[in-house]
Amino acid sequence: MDLRTTLNKLNLSGVAISAALHADGSLHKVGGLAKGGSRVWNDPDNSARLYALRYLPRHLIESHQWGSLEKSLTDWRFLEAKALAGLVFELAQDFSDAVQAIPHEVRNLRLLEDVLRRDIQFVARHVDDYPHALFQCPWNSCWW
């Protein structure tokens, strides 16, 4: 049984699991989160889900996985999950970091960052009572 499975069986919080995996080095072996991140953030029962939502783009940047980074930041399910987790401002920073890190032109990510920052205060304030604002605000502004 590997460390991740053992920690999950102990029912530890996502923060405790990710701290243990970082200390052990398991998270970075063979790409770690960058390789299996979509499985983690997409699973509501995974105790490391919040960690994956928060740090997957950073791991993809550090491992130079530009295609996976672009795919994650244009996947509406990832964007929605990150916003619903209360990480709207972090999402805007993810776009900014990606645009700066990716060696080729990523106009679509630059536009998504611009449209998110345009209404970021409203989106962040209404994540709980109006979660689809992340998509409704760009639509209302004709950013489609």
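Reported count of residues in the range 94-106, each being surrounded by 15 or more Cβ atoms within 10 Å (Cβ to Cβ), part of a helix (DSSP H, G or I) and either free of Cβ contacts under 8 Å to residues at least 12 places away in the same chain or of a type in the set (Val, Ile, Thr) (or both), is 1. For SER141, state whether it is polar (S, T, N, Q), without any contact (Cβ under 8 Å) to a residue 40 or more places away in the chain and under 21 Å from LEU69 (Cβ atoms). No: the conditions fail for SER141.
Whenever a residue of the range 62-82 is within 12 Å of ALA98 (Cβ to Cβ), its partners that are polar (S, T, N, Q), lying with C-beta atoms within less than 8 angstrom and at least six residues away or across chains, give the pairs GLU70/ASN108; SER72/SER38; THR74/ASN108. Taking the criterion of being surrounded by 14 or more Cβ atoms within 10 Å (Cβ to Cβ) and either touching a strand residue (DSSP E or B) at 6+ places or on another chain (Cβ under 6 Å) or in a helix (DSSP H, G or I) (or both), the residues of the range 69-88 that qualify are LEU69, GLU70, SER72, LEU73, PHE78, LEU79, GLU80, ALA81, LYS82, ALA83, LEU84, VAL88. If you check SER13, SER26, SER63, SER68 for being modelled with pLDDT of 90 or more and more than 25 Å from LEU134 (Cβ to Cβ), only one passes: SER63.
The values are calculated or read from the model by the stated rules, or taken from the named source; none is laboratory data. Note that the structure is predicted; figures quoted are calculated from it, not measured. Please note: Cβ atoms are built from the backbone with ideal geometry, for glycine as well, and neighbour counts cover all protein chains shown.
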